[in-house]
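The values are calculated or read from the model by the stated rules, or taken from the named source; none is laboratory data. Every value quoted in this text rests on a predicted model; they were computed, and no experiment measured them. All Cβ positions, even for glycine, are placed from backbone atoms using ideal geometry, and neighbour counts span all protein chains on display.
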Amino acid sequence: MVRKPNSDLLGYRLRLNLYNLANPNPDSTFKAKFSGNPRKYERLSTILSKKQVARLGKSFYYYGVHEMLRKVGEPPVIVDQKSIDKSVLRLKGHYFNKGFFNAKISAAIDSTAPKKAKVVYTVTTSEPYILDSLTQSISSPILDSMFQATKEASALKSGKQFNSEDFDAEKLRLNTLFRNNGIFHFQQNYVKYDIDTVDTGHKAHSEMIIDDYTYRVGDSTYSMPFKKYKVSQVNIYTDATLGKNKENIKDSVTYNNFNLYAYQKLKYRPKAITDAVFIAPGSTFADWRTTVTSRYLSNLRVFNYPTIQYQEDPRDPKGESLIANIFLVPRKKYSFGASLDVTHSNIQDFGIAGSTSVTIRNVFNGAETLELSARGNIGSSKDLANPNDSFFNVSEYGGDLKLSFPRVLLPIKTESILPKRMIPSTVISLGYAKQQNIGLDKQNFTSSFAYSWTPKRFNSARFDLFNIQYVKNLNPGNYFEVYKSSYDALNKIAQDNSANVNPAYFNSDGNLIIESGTTGFTTDALGASDAIPLSSSDYSTVRSIEERRQRLTENNLIFASSFSYSMTTKTDLLDNTFYSLRTKIESAGNFLSVIASASKQLKNQNGNNTIFDIEYSQYLKGELEYIKHFDLGRKKVLAMRAFGGVAIPYGNANSIPFSRSYFAGGSNDNRGWQSYALGPGTSGAVNDFNEANMKIALNAEFRFHLFGDLYSAFFVDAGNIWNVLDNVEDERYTFNGLSSLTDLAIGSGVGFRYDFTFFVVRLDVGFKTYEPSIYEGSKWFRNYNLSKSVLNIGINYPF
């Protein structure tokens with residue numbers, strides 16, 4: 001509305017200063033370099049040609065650097081009377097639209113420093129105008145009837161201050177009302193207002209005027225009352241392309257009064273298409289039917305975005321019928337994808353990962369989609385447990401299958417529960433992955449059967465009837481090679497008590513042998529024979545290490561069901577004022593528990609039930625996440641997130657599988673710590689991969705624009721993980737009520753982001769601001785320095 005001063009970064013006008021550094025006339029400066037010194041030009045011309053000397057003036061040093069500074073910089077905002085007059089007019093318009101018809105605006109220039117000034121705008125609003133009488137003049141009886149029936153929902157209320165936005169809102173409401181109730185020819189511009197404010201004592205009398213429908217025939221214009229239209233016929237062209245016409249149709253069928261046409265062979269079962277169409281023969285014309293039909297047909301993923309057109313039915317003598325023509329352009333039946341990446345991890349020093357996928361559409365002629373993918377990875381590792389003379393000594397491969405149905409697969413009708421306007425679908429997936437010489441070497445089998453739907457726009461729900469995961473560790477003896485911190489702690493205790501430890505457990509360097517030495521030592525230390533007398537502290541540590549080893553090396557069978565729901569007010573990628581809410585609840589093991597009880601099988605030596613000789617997991621898990629964005633203007637955004645999750649084991653389990661537990665730290669969490677390097681509680685992350693079954697995370701980020709496509713942000717992250725109601729008893733690890741909230745670790749820092757339009761590359765530098773694991777001295781800013789910072793690289797924003 002009013003011209004704003006140059007942008008600043010913490011009070012410093014960076015972009016303005018960059019702009020001022022640029023030479024406004026680099027061409028003239030380059031020419032002047034030689035005009036006063038012709039001999040210099042002669043000498044340079046003997047080394048370079050005259051053309052090359054001329055091109056030198058367009059080089060980055062003489063010309064490009066100044067163009068770059070002017071591009072990324074910001075020109076100074078100059079005080080000029082024309083701009084001030086425009087701002088005054090804009091202010092008058094703003095207050096006029098708010099009901100201050102007699103507002104007076106003046107502007108004055110106040111010099112604050114040499115070459116600096118501020119403009120002071122003085123606004124005298126006077127008394128606002130209040131809506132008084134509201135009358136209507138609606139020519140078409142059917143429109144008047146609809147208006148009177150919904151009059152209470154009007155955005156215009158007598159006694160309310162005049163606001164032009166209310167008049168626009170009422171136009172939109174009426175347009176939606178009429179076009180969703182059969183008034184095909186109605187447009188928003190048919191709604192007009194006659195507002196009287198002359199000698200009314202600051203009261204506004206409004207008359208809404210809606211004239212009859214007007215149309216042209218040749219050079220003549222006619223009018224008639226608006227009519228309510230019904231759809232008499234629906235034609236669906238299943239393979240429409242440009243240049244096709246109805247005379248070229250080779251295949252057709254009529255199903256439930258829908259006409260389906262194909263220019264080649266009809267490749268779809270009629271029901272699969274008509275189930276996605278909400279514009280039914282005999283139904284009243286409505287914009288919402290058109291919108292939902294377009295969304296549903298697009299979600300089938302076998303067509304491009306459809307084209308839906310209406311025309312008046314010439315067979316209806318009353319002229320109250322429409323023919324709906326739906327043109328569908330099929331996507332390619334087969335599509336392929338491939339990717340290749342270079343990877344690095346704490347286990348793999350160098351790796352090459354590749355994947356390939358194929359998508360097959362309309363598999364069973366019912367608009368189903370089948371996705372097949374395969375992935376593989378080969379890498380090099382210095383893992384001592386896997387000596388190999390070849391460079392590539394680790395590998396991983398796997399495959400996935402996903403079959404999507406655009407409907408609910410159940411033997412009963414679900415239309416009353418999940419009507420098709422919610423666009424329900426069913427997804428069946430299978431997956432397999434195998435690792436060799438990576439960590440504990442795992443085989444991972446997964447499968448799921450899930451339903452998803454959209455209860456309303458921008459809301460989504462998913463119900464996993466079952467989600468099965470079976471993890472088999474092929475090389476559990478490699479545990480202490482992967483979890484080095486656990487090995488170091490166990491090795492030190494063994495060395496400190498070496499007088500009572502079997503010498504065969506140590507190698508020539510005096511360290512425990514993996515695996516015979518580590519197994520022998522823990523067996524003796526924890527055995528009933530008390531072969532190795534340990535202090536209570538050492539005994540507790542050894543027991544904790546052994547319990548963790550057993551939990552992370554055991555095979556896992558997870559048979560879970562879950563329900564998740566998400567909602568958001570975000571309308572598009574440019575919307576920076578929105579909130580989103582996501583919740584999920586998951587239950588595992590109950591179905592298998594029923595089977596185990598019904599089969600009356602004997603429990604194993606741990607006192608737990610098994611399926612196929614595997615102790616199945618049993619737990620209840622819940623999560624809640626809330627994200628809120630505030631648009632502060634001028635490309636400044638305040639983004640906040642809150643997350644809480646907990647998984648409680650019960651029945652057949654006293655802990656949560658590693659794959660279902662929580663970790664803290666990393667580029668999308670608390671950026672002052674690396675992934676798995678924070679918590680649990682005040683333990684100080686003594687393990688290599690720290691995880692627990694409860695998590696709280698709070699994040700806040702102030703994002704702002706620097707120049708060009710470069711953005712920055714200041715952030716503060718708080719959070720931690722804890723053990724709760726499981727087999728961990730150490731108070732450093734556990735959550736013990738509200739007092740444990742003091743264990744929340746706080747990280748802060750600065751980030752830079754480059755916007756490539758389709759994605760954002762993000763670099764964040766996080767600092768440890770508050771460390772709950774510090775027991776002596778202040779927990780604040782103890783390691784707040786660059787050497788202890790964490791560099792996080794990510795794609796897109798963290799929330």
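Brief remarks follow.
- Residues that are under 33 Å from the mean Cα position of the chain (by Cα) and among the aliphatic types (A, V, I, L, M), drawn from the range 1-21: Met1, Leu9, Leu10, Leu14
- Number of the condition not met by Gly439 [criteria: (1) touching a helix residue (DSSP H, G or I) at 6+ places or on another chain (Cβ under 6 Å); (2) under 20 Å from Asn362 (Cβ atoms)]: (2)
Table: residues versus (1) modelled with pLDDT of 95 or more; (2) among the charged types (D, E, K, R); (3) farther than 21 Å from Asp166 by Cα.
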{"position": "Gly64", "(1), (2), (3)": "no, no, yes"}
{"position": "Ile78", "(1), (2), (3)": "no, no, yes"}
{"position": "Lys86", "(1), (2), (3)": "no, yes, yes"}
{"position": "Tyr129", "(1), (2), (3)": "yes, no, no"}
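- Residue within the range 176-185 that is over 30 Å from Ser223 (Cα atoms), at pLDDT 95 or above, of a type outside the set (A, V, I, L, M, F, W, C) and crowded, with 16+ Cβ neighbours inside 10 Å present: no
Condition check ((1) at positive phi; (2) surrounded by 15 or more Cβ atoms within 10 Å (Cβ to Cβ); (3) of a type in the set (A, V, I, L, M); (4) free of Cβ contacts under 8 Å to residues at least 24 places away in the same chain) across all residues:
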{"residue": "Tyr263", "(1), (2), (3), (4)": "no, yes, no, no"}
{"residue": "Val277", "(1), (2), (3), (4)": "no, yes, yes, no"}
{"residue": "Arg289", "(1), (2), (3), (4)": "no, yes, no, yes"}
{"residue": "Arg295", "(1), (2), (3), (4)": "no, yes, no, no"}
{"residue": "Arg301", "(1), (2), (3), (4)": "yes, yes, no, no"}
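- Single residue of Arg671, Arg732, Arg762 found to be in a strand (DSSP E or B), of a type in the set (Lys, Arg) and in contact (Cβ under 8 Å) with a residue 24 or more places away in the chain: Arg762
- Inspection of the range 501-518 identifies no residue that is over 48 Å from the mean Cα position of the chain (by Cα), outside any loop (DSSP other than H, G, I, E, B) and of a type in the set (S, T, N, Q).
- Residue within the range 640-662 that is without any contact (Cβ under 8 Å) to a residue 12 or more places away in the chain and assigned to a strand (DSSP E or B) present: no
- Hey, Arg753 under 23 Å from the mean Cα position of the chain (by Cα) and either within 24 Å of Ile656 (Cα to Cα) or assigned to a strand (DSSP E or B) (or both) or not: yes
- When Ile412 is tested against (1) closer than 21 Å to Ser561 by Cα; (2) surrounded by fewer than 19 Cβ atoms within 10 Å (Cβ to Cβ); (3) modelled with pLDDT of 90 or more, only condition (3) is not met.
Matching residues to (1) without any contact (Cβ under 8 Å) to a residue 40 or more places away in the chain; (2) surrounded by 15 or more Cβ atoms within 10 Å (Cβ to Cβ); (3) hydroxyl-bearing (Ser, Thr, Tyr); (4) touching an Asp or Glu at 6+ places or on another chain (Cβ under 9 Å):
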| site | (1), (2), (3), (4) |
| --- | --- |
| Pro419 | yes, no, no, no |
| Pro424 | yes, yes, no, no |
| Ser448 | yes, yes, yes, yes |
| Tyr451 | no, yes, yes, yes |
| Thr454 | yes, yes, yes, no |
| Asp464 | no, yes, no, yes |
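- Residues of the range 702-723 satisfying the condition of being closer than 14 Å to Val637 by Cα and modelled with pLDDT under 90: His705, Leu706
- In the range 683-700, residue modelled with the lowest pLDDT [restricted to those that are surrounded by fewer than 21 Cβ atoms within 10 Å (Cβ to Cβ) and in contact with an Asp or Glu (Cβ under 9 Å, 6 or more places away or on another chain)]: Gly684
- Conditions (1) part of a loop (DSSP other than H, G, I, E, B); (2) acidic (Asp, Glu); (3) more than 30 Å from Tyr797 (Cα to Cα); number of the one not met by Asp575: (3)
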